[in-house]
1. Just to check your reading of the model, which residue among E11, E49, E36 is surrounded by fewer than 12 Cβ atoms within 10 Å (Cβ to Cβ) and among the acidic types (D, E)?
2. Scan the helices (runs of 4 or more DSSP H) fully inside the range 33-142 and keep the ones with 1 or more residues being of a type outside the set (G, A, S) and at pLDDT 90 or above.
3. Against the definition (exposed (fewer than 11 other Cβ atoms within 10 Å of the Cβ), in a loop (DSSP other than H, G, I, E, B) and modelled with pLDDT of 75 or more), how does G149 come out, yes or no?
4. For residues in the range 37-82 being touching a Phe, Trp or Tyr at 6+ places or on another chain (Cβ under 8 Å) and free of Cβ contacts under 8 Å to residues at least 12 places away in the same chain, which is nearest to N9 (Cα to Cα)?
5. Suppose we filter the range 115-146 for residues that are loosely packed, with under 13 Cβ neighbours inside 10 Å and either among the charged types (D, E, K, R) or within 11 Å of the chain's Cα centre (by Cα) (or both); how many remain?
6. Looking only at residues in the range 1-22 that are more than 12 Å from K67 (Cβ to Cβ) and of a type in the set (G, A, S), which one is modelled with the lowest pLDDT?
7. Scanning for something surrounded by 12 or more Cβ atoms within 10 Å (Cβ to Cβ), in a helix (DSSP H, G or I), out of contact with any helix residue (DSSP H, G or I) (no Cβ under 7 Å at 6 or more places or on another chain) and at pLDDT below 85, does the range 167-176 turn up at least one residue?
8. Name the pairs whose Cβ atoms lie under 9 Å apart, with the first residue in the range 84-99 and touching a residue at least 40 places away in the same chain (Cβ under 8 Å) and under 20 Å from L123 (Cα atoms), the second surrounded by 13 or more Cβ atoms within 10 Å (Cβ to Cβ) and aromatic (F, W, Y), and 6 or more positions between them or separate chains?
Amino acid sequence: MNEKKYHDNEEAGLVDAVKHGDKDAFARLYRRYFSELCDISFYVTRDKEVAKELVQDTFLVIWEKRKDWQPKGSIRSYLFRAVKNRSLDYLKHVRVERGWKKMHQRDITESDAGEEAMSQKELAAAIDRSVDELPEKCRIIFIMNRNQGFTYGEIAEIQGISQKTVETQIGRALKKLRESLSRHLPHHPV
């Protein structure tokens with residue numbers, strides 16, 4: 001119990017020192033959590049360089065806004081949430097960028113192959129639009145599983161929810177996607 005109280009006091013002292021512009025305290029904070037935060041970001045992004053950049057950006061924002069910095073709870077949990085959210089935002093940005101590029105590709109030939117490619121592009125755009133229409137939590141979980149290849153267990157750990165909740169959200173996403181995409185898919189008689 002005394003050990004936790006000591007740790008809490010140490011963290012409060014670090015936050016206070018950083019808020020007052022203490023570069024040594026900031027460096028201690030950075031060294032203490034950098035590697036662990038990179039692991040969390042990599043877990044979400046699956047890209048080591050991007051993970052490092054996102055963690056560095058998180059620390060940069062903290063330093064720039066240090067005077068108003070008010071982390072809720074422990075520094076560790078605050079940093080983990082900040083990096084996880086920044087990583088998820090990065091994935092959303094990449095997805096939007098990818099969708100934009102798909103929609104703006106115009107090099108389709110006039111052959112039958114070109115027409116088939118166009119219908120596949122239309123279907124891909126319809127899928128992207130349908131995924132965008134999912135509720136935020138459902139959409140993030142779906143993207144993490146289908147686009148990033150995370151297992152249900154990994155998603156549950158990253159999101160801080162149960163694996164059953166992940167399964168339920170994926171099920172809801174698939175049901176909504178089937179409903180919204182039914183008009184784009186060929187109907188096969190039974």
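The values are calculated or read from the model by the stated rules, or taken from the named source; none is laboratory data. All values derive from a computational prediction rather than experimental measurement. Using ideal geometry, Cβ is built from the backbone for each residue, glycine included, and neighbour counts are taken over all protein chains shown.
1. Numbers: E11 fails: surrounded by fewer than 12 Cβ atoms within 10 Å (Cβ to Cβ); E36 fails: surrounded by fewer than 12 Cβ atoms within 10 Å (Cβ to Cβ).
Going through E11, E49, E36 in turn, the sole match is E49.
2. Working: elements: 48-64, 75-103, 112-132.
Because the criterion is at least 1 residues that are of a type outside the set (G, A, S) and at pLDDT 90 or above, the helices (runs of 4 or more DSSP H) in the range 33-142 that meet it are 48-64, 75-103.
3. Considered against the rule, which asks whether it is exposed (fewer than 11 other Cβ atoms within 10 Å of the Cβ), in a loop (DSSP other than H, G, I, E, B) and modelled with pLDDT of 75 or more, G149 comes out as yes.
4. Ranking the qualifying residues of the range 37-82, first place goes to K72.
5. Residues meeting the conditions: 6.
6. My answer is A12.
7. Initially, the range 167-176 is screened for residues surrounded by 12 or more Cβ atoms within 10 Å (Cβ to Cβ), giving 167-170, 172-174, 176.
Those left that are additionally in a helix (DSSP H, G or I): 167-170, 172-174, 176.
Those still in the list that are out of contact with any helix residue (DSSP H, G or I) (no Cβ under 7 Å at 6 or more places or on another chain) too: 168, 174, 176.
Keeping just the survivors that are at pLDDT below 85 gives none.
For the range 167-176, residues surrounded by 12 or more Cβ atoms within 10 Å (Cβ to Cβ), in a helix (DSSP H, G or I), out of contact with any helix residue (DSSP H, G or I) (no Cβ under 7 Å at 6 or more places or on another chain) and at pLDDT below 85: absent.
8. From residues that are touching a residue at least 40 places away in the same chain (Cβ under 8 Å) and under 20 Å from L123 (Cα atoms), there are no pairs.
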